[in-house]
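Okay, structure first, notes after.
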Amino acid sequence: MSLRWPLENDGGVLSIDGVSSTQLADEYDTPLFVYSENRIRTNVNLLKKAVQKHYRKTRILFACKSNTNIGILKVLRDEGVEIDAVSPGEAFLAVEAGFSPGEILFTGTSVREDELKHLVEAGYRMNIDSVSQMRRLLKLGVPKTVSVRINPEVGAGHHEHVITAGPDVKFGVWESQAPEAYRLALEAGVSSFGIQMHIGSGIMDVSNFIKAVNRLLEIANHVKDETGIDFDFIDIGGGIGVPYKPGEDEVDIDVFFERLFGFMKQRLGELGLGSPEVWLEPGRFLVAEAGVLLTRVTTLKSSPGKEFVGVDAGFNTLVRPAMYGSYHHIHSASGLNEPPQTYTVYGPLCESGDIFARDRVIPKVEEGDLLAIMNAGAYGFSMSSHYNSRPKAAEVMAMDGKSRLIRERETLQDLLRGQMSSSSK
Ligand SMILES: *Cc1c(COP(=O)(O)O)cnc(C)c1O
């Protein structure tokens with residue numbers, strides 16, 4: 001997979017936004033998540049440009065479950081992006097990063113009473129996932145802005161676990177229940193309405209997306225007919241995919257949004273839905289390719305017919321390969337120009353599934369070398385765990401040849417946090 005700016009091959013060493021990965025590893029140790037600030041800013045601006053070219057009134061909400069480091073959230077805020085939060089913790093972190101609750105849409109699925117109370121009192125925009133949730137929420141307070149997450153019956157995504165529409169998924173409100181949900185909000189005095197869907201993650205193909213948007217607009221029209229609500233915004237979640245494998249095409253976002261908005265404008269007109277704002281909820285698109293996981297080779301070993309490379313990151317650090325079978329490209333960060341060799345790359349966990357790549361061709365490595373696991377900016381740190389009692393990795397932001405720590409590496413002491421030392425005797 002060729003390196004894309006601001007990743008460069010500097011005499012065989014991977015450079016990330018102008019910073020040498022060997023220097024980063026020496027300074028901050030490994031495993032280490034490194035993000036390119038320039039790449040994040042560029043991703044936002046490319047998306048904004050492609051979107052605004054084809055539809056004027058748009059808003060981009062970062063689906064922050066992919067990365068909630070407040071250093072990243074601050075950069076996104078600076079670029080004019082708002083937030084889609086799926087838990088009170090994400091909402092809290094976004095506020096810590098400087099967002100006001102009015103810039104945050106809360107999309108929760110199984111939400112507790114005390115959480116709803118806190119969110120409505122603090123003034124978040126609320127995206128509601130069931131009639132029951134709407135009813136419980138309105139007893140606790142009346143948000144200014146409410147949308148309902150619709151199940152548009154058409155899903156898409158890169159893995160079964162991330163497809164979030166259709167009769168078997170837990171998300172959303174069916175068309176037949178949607179008017180009731182809105183009527184409750186209207187009667188309670190809500191004045192600003194949206195309608196939302198999120199059909200899945202890693203979407204590469206606009207056709208399925210258009211099918212789902214079509215259903216969403218038909219349902220919006222149905223709700224409007226029954227309740228008289230004029231929608232201020234249509235929120236079309238469904239994260240745009242990024243290429244993970246060499247040879248995989250990236251989404252041509254200009255074509256994607258030309259087709260999507262071409263369709264939407266026509267359909268909004270036909271259905272008499274006016275020209276609402278359109279909100280988008282990208283997660284990985286903004287941050288995945290901006291992040292690299294640097295990990296040190298600890299061990300070379302072999303079994304008959306296999307060469308193994310042991311590294312100091314495991315599925316505690318990056319779980320996507322073990323959890324979804326996801327492909328992450330691997331470069332030799334300290335020896336990009338070495339001749340190719342086939343390896344199975346494994347981590348330190350006591351689990352035979354702790355494998356990043358099986359029989360993968362990468363440049364020849366030696367113990368002590370650095371590997372770079374690519375596209376680690378989304379669902380990397382945010383899905384990491386303490387499994388096997390390993391402290392969590394550090395995170396660094398790189399830009400124009402400089403780097404800054406945005407999360408300290410955890411220590412063994414952190415593993416004790418909250419544990420009571422007293423014994424029963
Ligand atoms: C996860 C999520 C997204 C974005 O998914 P990505 O694949 O990261 O782009 C958008 N909206 C909601 C509600 C989500 O939960």
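The values are calculated or read from the model by the stated rules, or taken from the named source; none is laboratory data. Source: prediction; values computed, not measured. All Cβ positions, glycine included, derive from the backbone under ideal geometry; neighbour counts span all protein chains shown. Accessible surface areas use protein heavy atoms only, side chains included; no ligands, DNA or RNA. Shrake-Rupley method; radii C 1.70, N 1.55, O 1.52, S 1.80 Å.
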Checklist outcome for this item: Per the filter on region 237-279, residues assigned to a strand (DSSP E or B), among the aliphatic types (A, V, I, L, M) and either open to solvent by 50 Å² or more (accessible area, probe 1.4 Å) or more than 9 Å from the ligand (Cβ to nearest atom) (or both) are Val278
Checklist entry - Hey, among Glu90, Glu121, Glu96, Glu103, which residue is charged (D, E, K, R), away from the ligand (no atom under 16 Å from the Cβ), free of Cβ contacts under 8 Å to residues at least 40 places away in the same chain and not assigned by TED's automatic domain parsing to the domain that holds Gly200? => result Glu96
Checklist outcome for this item: Of (1) modelled with pLDDT of 95 or more; (2) of a type outside the set (Phe, Trp, Tyr); (3) surrounded by fewer than 17 Cβ atoms within 10 Å (Cβ to Cβ), Gln133 satisfies every one except (3)
Item to check | Residue list for region 280-310, restricted to those being within 14 Å of the ligand (Cβ to nearest atom) and either farther than 26 Å from Ile203 by Cα or part of a strand (DSSP E or B) (or both) | outcome: Leu280, Gly291
Checklist entry - Mind checking which residues of region 138-157 are crowded, with 24+ Cβ neighbours inside 10 Å and outside any loop (DSSP other than H, G, I, E, B)? => result Val146, Ser147, Val148, Arg149, Ile150
Next on the checklist: Looking at Thr22, Thr68, Thr58 in this structure, which one is within 22 Å of Ile362 (Cβ to Cβ), crowded, with 16+ Cβ neighbours inside 10 Å and polar (S, T, N, Q)?
Outcome noted: Thr22
Checklist entry - Has region 46-55 got any residue that is open to solvent by 50 Å² or more (accessible area, probe 1.4 Å), more than 21 Å from His328 (Cβ to Cβ) and in contact with a helix residue (DSSP H, G or I) (Cβ under 6 Å, 6 or more places away or on another chain)? => result no
Checklist entry - In the list Ala212, Ala181, which residue meets the criterion of being open to solvent by less than 10 Å² (accessible area, probe 1.4 Å), more than 26 Å from the chain's Cα centre (by Cα) and assigned by TED's automatic domain parsing to the domain that holds Gly272? => result Ala181
Item to check | Tally of residues being within 16 Å of the ligand (Cβ to nearest atom) and of a type outside the set (A, V, I, L, M) across region 78-87 | outcome: 3
